1. What list of ³J(HN,Hα) couplings, whole Hz, do you get for the range 106-114 from phi and the Karplus terms 6.51, -1.76, 1.60, once you set θ to phi - 60° and write x for glycine and proline?
2. Just checking my list [x] 70, 53, 46; [y] 75, 56, 50; [z] 167, 55, 46 against Cα extents along the principal axes in Å computed from this structure; which label fits?
3. Run the dipole for the chain about the Cα centre, Lys and Arg Cβ at +1, Asp and Glu Cβ at -1, nothing else charged, and hand back the magnitude in debye, nearest 20.
4. Considering the alpha-carbon set of the range 69-159 alone, what are its Rg and its Dmax in angstrom?
5. Return the percentage of antiparallel bridges among DSSP beta bridges fully within the chain, rounded to the nearest 5 %.
6. Using only alpha carbon pairs under 8 Å that are at least six residues apart, calculate the relative contact order of the chain and give it in whole percent.
7. Pairs LYS326/LYS347; LYS138/LYS269; LYS443/LYS534; LYS160/LYS328; LYS153/LYS326: which are spaced more than 18 Å apart, C-alpha to C-alpha?
8. Work from the charge dipole of the chain (Cβ charges, +1 for Lys and Arg, -1 for Asp and Glu, about the Cα centre) and give the residue of THR339, PHE113, ASN233 farthest towards its positive end.
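The values are calculated or read from the model by the stated rules, or taken from the named source; none is laboratory data. In this text the structure is predicted, and so the values were computed from the model without any measurement. With ideal geometry, Cβ positions are generated from the backbone for all residues, glycine too; neighbour counts draw on all protein chains shown. Note: accessible area is taken over every heavy atom of the protein model, side chains too, but ligands, DNA and RNA are not part of it. Shrake-Rupley method; radii C 1.70, N 1.55, O 1.52, S 1.80 Å.
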Amino acid sequence: MKNKYMIIAILAAVCCAAAIVYALRWRMEEELPQKPTAVRRIATRKRQAPEKKPENKKPEEKKEPTTPPFINGTVTDTEGNPMAGVVVSNGIDCSATDSLGRYKLPNDSTARFVFFTVPADCEVPVHSAKDHTAHFYKPIIKGVTRYSFTLKKLAGGVEKYYKMIVLGDPQVTNDFNPYYNGPDDKPLEIGDVERFATETMADIRRTIRSLPQETPIYGLSMGDDVQYYGGFNPMLEQQIREVLGSSKMRIFSVIGNHDQDNNPEYLNKWEEAWGPTDYSFDRGNEHYVCFNNVRFHGKYASYYSPGELSDSQMKWLQQDLALTPKSKKVVLCYHIPFTFGTSPFGKARPLSAAHEKGHYSSSRLPALLSLLSEFSGGYELFCGHTHFAINHETEIDGHHVIEHCHAAACGNIWQSNINICGTPNGYYVYTFRGGRMVSCYYKGTFWDAHKQMTLFHADTDFNGESYAADWDLPRDRRIIVANVFNADSHWRITAEENGVEYPMQRINSKGQDAFATGYHHKYAVATSFRFISKQNSYLIMNHLYYYEPKSAESKIRIIAHDPYGHTFTEDAENIVTEPFFNYAHYYK
């Protein structure tokens, strides 16, 4: 029993001693300064042996940095004030700036540019003091997400009126086309760019000088600025841009089929020179929308005609128009006509008119007309491409549609001074005032602005071609044919014989112009004769008129009344009788 108590006492003493030692040690640790955590971690790493990677373990792949989901920026005026309501786009999506001038757009990897719709109360920015082509865009650079713009307000605010000079197909090539400086047949080797500069642009400057100094003047090229006929020249698109920008007018361009020809390198050259292919801008009360409606198919440069748009383009266009005040007039600008064509996309519609059999309207036209019907200011359709002038009229879903198809500045690709419809090389001068198109006339290069027609006898033989044969007109009746370049159904064309006016009969059908065909029969080089002749089923003529005189001795004058209140006249004394009249061969 005594031993039992002794063992318990010894155990209790040991426990007490252990408790005292533990308590003293805990107190000492509490009083010692603590080491920084980082130092403690470093020390811990140093004590650890480096880990060996398993031989069969693959190194971790580096993750690419994620693309920022948006691009953004601000739009301000030259005073630094934010500009609200300015539409900014990347060609896929559109966004309007807020009250602080800020915008935000999805950062789409397919977008090439960010750009703004030039407001009606701001100047059109240009590339330089000597190059007045529009510069309203910035190329998207990988890794850059902020793009800001500074706009200059017009001193007088939104322009009450302005002139718009429209050119169809400059189409300069990298070759020498037939050029004559006299009545003989000795061509000179002068390049197309030089001819465009010394003829077309020289005449445009002359037209601009004839206007009051304060007149606002703008320009539009309807595409095919170049064609790489004669070999690829990487500077050609830049050269024509600089020439187009050399006058006072501030000029925009759409892209044509020959600017790209289904070749990415050609398309890149156009974008380097001009920027985005789909964009918009405002002048006065008009909203201009420019886009690429050339849709290639197959391996080569085959394209749909009439023109077409992709689903993404339609989506962009819907966004653009949704952000446009519905009181404006919309002017759609593109290269290939929407209302006619002979190489249709599968969903294109055949035209209903019997005299235009084989032609179709674009599959997109009904949807476009539906969008345009929302605008109380109405709309205009502007295109080029054809190398013949026509204000084409057709019926689409109950709408009477007029499409302004502009004659080519190059005529038949610089191998003559006339288009394949007989319209001279030249351009159009439009006047917009208060939201309305109040004037439009055709200006033949180096022609008097009042000369709006040429006259012929139906029987005259132009190198084997005649109007009587082309249009089944009576022979030996001294029938007069008037080619009124810009006419449509709203014009009134009469023949005044001995002081009495008689209506002239309008020709409106597929066919050819005898004088132009006869001329090119001899001089066609840049294109085949088939393109100019009646074998070209694409060509529609609707600005030829004819009249049979009552007497062979009568004095006759042709009078053309346009829908804007202007009257143009031409005396029958000036009827063209020579097979190769000087203005077609050389017009000085």
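1. Residue by residue, the range 106-114 yields x, 8, 7, 5, 8, 6, 9, 9, 10 Hz.
2. Entry [z].
3. Numbers: 64 positive and 68 negative charges, 923 e Å.
Rounded to the nearest 20 debye, it is 4440 debye.
4. Expressed in Å, the Cα Rg and Dmax of the range 69-159 come to 13.1, 40.
5. Numbers: 78 of 108 bridges.
Looking only at bridges with both residues in the chain, the antiparallel portion is about 70 percent.
6. Working: 1266 pairs, mean separation 64.7, N = 588.
It comes to 11 percent, rounded to a whole number.
7. Working: LYS326/LYS347 29 Å; LYS138/LYS269 16 Å; LYS443/LYS534 26 Å; LYS160/LYS328 13 Å; LYS153/LYS326 23 Å.
Table pairs above 18 Å Cα-Cα are LYS326/LYS347; LYS443/LYS534; LYS153/LYS326.
8. Of the listed residues, the answer is PHE113.
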